[in-house]
Amino acid sequence: MATDFTEQNAADAVAESFAETPDPRLKEILTSMVRHLHGFVREVEPTLAEWQYAIDYLTAVGQKCDDKRQEFILLSDVLGVSMLVETINARRSAAATDSTVLGPFHVVESPARELGESIDQIGGGPPCVVTGRVLSVDGTPLPGARLDVWQANDQGFYDVQQPDVQPIGNGRGLFTAAAEGRFWFRTVLPSYYPIPTDGPVGTLLNSTRRHPYRPAHIHFIVGADGYTPVTTHIFVSDSPYIETDAVFAVKKSLIEEFREIDDPDEAAKYGVTSPFRLANFDITLEPASSEE
Ligand code: BEZ
Ligand code: FE
């Protein structure tokens, strides 16, 4: 005789429906998802109108997506899920540089640049120099390491957000570390900026009285042969929102002081005007074999 579907047995009934799933990982994921989803519904007891609102909301999230805009990723970002997935998948030794979210503004091929070159092609913002070394976790320097760098300008916009204002490639560069793993480049001090709020994610932030801002940062993807690459940021320590990043991506180890240097001789060494900001960011990579 058929068993009635009840509040108590509903999750078991659906979980059992996956019994014949040939892929064990798919079975595990679907079963867990259904159990958590049912648990959530039993706890919250949504009205039919609230459930319809949730369906309409997720429909709007999907409808906001196109080949340039990914509202689902943004939703995952503001719910802290992107950072949770990133953190789970980047369990490394304490000595390795912490990772953080990639974000939507990475481009597949940034312009290759010489060390010391400026990634800023416009000027006008506070001059800034970033220096550092790429090292193995045991301290061995990694000359030849590759650094993919990108940032918003001093107004808080990426080149791809302002195609009529910024040349494509502005604020971006691919660098190769020199002897002793050293790298250095010129730029402008990046600004904090809001994530896009003209879609359903903006509605969520508004309804919960949350601000949409990310503290000022520079993105890095750093790799070297035989090492696990790291996707990370360097955060400007005195930036607004450093304590309340809208996407929860700040880690203390990634906050660096961008020191103001008012010294024309120092400025001349780097080919910038005085005063300028100077930040140092050493990046440590873990050998790829230690994860296998
Ligand atoms: C970014 O840092 O580029 C970013 C990360 C998550 C959401 C939006 C922007
Ligand atoms: Fe960013």
Q: Mind telling me which of Leu189, Leu278, Leu204 comes out most flexible in a GNM of the chain, alpha-carbon contacts under 10 Å?
A: Leu204
Q.
Can you find, among Thr100, Phe183, Gln151, the residue sitting farthest towards the positive end of the charge dipole of region 72-287, where Lys and Arg contribute +1 and Asp and Glu -1 at Cβ?
A. Thr100
Q: Leaving out ligands and nucleic acids, note down the accessible area per residue over region 5-51 with a 1.4 angstrom probe, in whole Å².
A: 81
Q.
How large a share of the accessible area of region 72-287, in percent, is made up of carbon and sulfur atoms when the probe is 1.4 Å and the other protein chains stay in place?
A. 54
Q: Determine how many Å³ per residue the convex hull of the Cα atoms of the chain encloses.
A: 170
Q) Hey, if you put +1 on the Cβ of every Lys and Arg and -1 on every Asp and Glu Cβ in the chain, which of Val137, Pro46, Ala288 ends up farthest toward the positive end of that dipole? A) Val137
Q) Which whole-number percentage describes the relative contact order of the chain, with Cα contacts under 8 Å and a sequence gap of 6 or more? A) 20
Q: Report the local net charge at Asp159: Lys and Arg +1, Asp and Glu -1, summed over other residues whose C-beta lies under 15 Å from its C-beta.
A: -2
Q. Given the options Asp238, Asp56, Asp77, which has the most mean-square fluctuation in a GNM of the chain, springs set between C-alpha atoms less than 10 angstrom apart?
A. Asp56
Q. Over region 72-287, what is the percentage of antiparallel beta bridges among all DSSP beta bridges, to the nearest 5?
A. 75
Q. Cβ under 12 Å from Phe248's Cβ, Phe248 left aside: what net charge do those residues give with Lys, Arg +1 and Asp, Glu -1?
A. -1
Q. Where nothing but the Cβ of Lys and Arg (+1) and of Asp and Glu (-1) is charged, how large is the charge dipole of the chain around its Cα centre, in debye to the nearest 20?
A. 300
Q) Ignoring ligands, DNA and RNA, what accessible area per residue does region 59-200 give at 1.4 Å, in Å²? A) 48
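The values are calculated or read from the model by the stated rules, or taken from the named source; none is laboratory data. Every value quoted in this text rests on a predicted model; they were computed, and no experiment measured them. Virtual Cβ from ideal backbone geometry, glycine too; neighbours counted across all protein chains shown. Protein only, heavy atoms only, side chains kept; ligands, DNA and RNA dropped before computing areas. Shrake-Rupley method; radii C 1.70, N 1.55, O 1.52, S 1.80 Å.
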